[in-house]
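> Dropping the structure in here first, questions after.
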Amino acid sequence: MKKIIFLLSTLIWGLGAMDTELDSLRLAGLEGEINALQEKIIKNGGTPNGLSPNQRYINTHYPSASEEKKQKLLYAYGRADAKSGIFMGINVGSGMIFNQYTDGLYNQTTTTIPDLQSQKTGILNTQTPTGANKPLRLQSSLMMFGGKIGYQSFFNPYFGTRVYGDVMISSGSLKDQDNGGQKVGSVIYMLGALNLDLLLEVPLDKKMRYFIGGFVGVGVGAMLLLDTADKAKMYPLLTPSAQQAGYSSDNVLWNTLLQVDYTFNTGIAVTINTKNRLEIGAKIPWNFLRLGLESPAEYRDKNGNVKVLESKDIEFKRSVIWTASYIYLF
């Protein structure tokens, strides 16, 4: 009886072992079929379920790499994905704007007709006693504040691009450069732009959470300038005839100036724990485009007669705007 029980137990155990071995063989066969199907899908340009785009890229471009190298590449591209997304930031900046006005300059330099060459507005005194041009030169030193919002994408841990909009706003004094820097009014300045930058970063740690790098790019935007006059300080800058007639204005040179601003962007950056980015940069002007939408200052006398400055007699430019930014990546 005991022998019969022993034989039956041995038979049952053997059958179970055979079933386990068959299951292993079936599983190995299924895994092989799955891998073959995944490779076929990849070759046809698809992405298999359960296979990330990074895995697909690595399998396609590094087919002969070892498994260890593939895992390192997978981690590196994963860190690049972690640095991609929507971001927002705050900016502070510093720069200068310059306005130079010479009454009748446009007529003097664009026409050969004597009567037109001599035509002037006759409000602001921009001549020496001998009749030579002496431009009114005004400047403003500005501290700027603003923000930015956009999207950045890294192709790998080292290279990426971003597109974003930013705005800088400021106000300050308008000073006469040739009169000891005397304040003659105030100015409000706004600059908004759409920017495209190339990003370059180098990791500082093995886990690729801290980086140092830089950026270069271009921006196209709109600039708005408004100024307000200190009438008492502006009085000595008027011509004798304008003083006698009692001419004055709420503005110095501009009621509004609106023009397109073309900018070259560059700077350095530090990324902290992937999500936080500190930047020091410069917005370098390389061209301007007036839209014909500017409104120069209007001067009115005691009797209500109005004379408007010729906008083409006013030359405007700005300096490099130095910026510092904090950016958070969502």
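> State, as an integer percentage, the relative contact order of the range 117-228 based on alpha-carbon contacts under 8 Å between residues 6 or more apart.
It comes to 21 percent, rounded to a whole number.
> Tell me the carbon and sulfur percent of the accessible area for the range 229-276, rounded to whole percent, probe radius 1.4 Å.
Summing carbon and sulfur atoms, their accessible area is 58 percent of the total for the range 229-276.
> Compute the distance in nm between two label points, each set 7 Å from the Cα along the Cα-to-Cβ direction, one at residue 188 and one at residue 307.
Result: 2.8 nm between the two label points.
> Right, something else. Students sometimes get this wrong: rank 153, 141, 311 by accessible area, probe 1.4 Å, all chains present, largest first.
Accessible-area ranking of 153, 141, 311, largest first: 141, 153, 311.
> Please give the contour-minus-distance gain from residue 94 to residue 216: 0.36 nm per residue of separation, less the Cα-Cα distance, rounded to one decimal in nm.
The residue 94-residue 216 span can extend by a further 42.0 nm.
> Cα centroids of the range 169-195 and the range 53-84: how far apart, whole angstrom?
52
> How large is the dipole of the range 250-330 about the Cα centre if only Lys and Arg carry +1 and Asp and Glu carry -1, each at its Cβ, rounded to the nearest 20 debye?
Dipole magnitude for the range 250-330 comes out near 280 debye.
> I've got another one for you. Which percent of the accessible area of the range 176-225 is formed by carbon and sulfur heavy atoms (probe 1.4 angstrom)?
68
> Further question: Could you work out how far the C-alpha centroid of the range 89-133 sits from that of the range 264-312, in angstrom?
Spelled out, the Cα-based centre of one part sits 19 Å from the other.
> Now, a different point. Defining a contact as two alpha carbons under 8 Å apart and six or more residues distant in sequence, what relative contact order in percent does the range 177-222 show?
39
> If R₀ is 30 angstrom, what is the calculated FRET efficiency for the pair residue 235 and residue 264, using the beta carbon separation as r and rounding to 0.05?
For R0 = 30 Å, the calculated efficiency reads 0.15.
> Multiply the residue separation of residue 82 and residue 293 by 0.36 nm, subtract the distance between their alpha-carbon atoms, and state the gained length in nm to one decimal.
Full extension of this stretch gives 71.5 nm more.
> Figure the gain on full extension for residue 300 and residue 322 (residue separation times 0.36 nm, minus the Cα-Cα span) and round it to one decimal in nm.
Result: 4.0 nm gained on full extension.
> Something else: Mind giving me the nanometre distance, one decimal, between the label points for residue 207 and residue 60, set 7 Å out from Cα along Cα→Cβ?
Distance between the two pseudo-spin positions: 3.2 nm.
> Can you work out the accessible area per residue across the range 43-200, with the rest of the protein chains kept in place, probe 1.4 Å, in square angstrom?
For the range 43-200, the per-residue accessible area is 53 Å².
> With a point put 7 Å past each Cα toward its Cβ, work out how far residue 106 is from residue 130 in nm, to one decimal.
It is 2.9 nm.
> Amide H to amide H under 5 Å from residue 295: which residues, 5+ apart in sequence or cross-chain, H placed 1.01 Å off N in plane?
Placed amide hydrogens put 255, 256, 257, 258 under 5 Å from residue 295.
> Which shape class, rounded, prolate or oblate, goes with the range 167-279 when its Cα gyration tensor gives a ≥ b ≥ c as root eigenvalues, a/c under 1.5 marks rounded, and past that a/b bigger than b/c marks prolate?
prolate
The values are calculated or read from the model by the stated rules, or taken from the named source; none is laboratory data. The model shown is predicted, which means the values in this text are computed figures rather than measured ones. Because the Cβ atoms are built from the backbone with ideal geometry, glycine has one as well, and the counts that use them run over all protein chains shown. Only protein heavy atoms, including side chains, enter the accessible area calculation; ligands, DNA and RNA are left aside. Shrake-Rupley method; radii C 1.70, N 1.55, O 1.52, S 1.80 Å.
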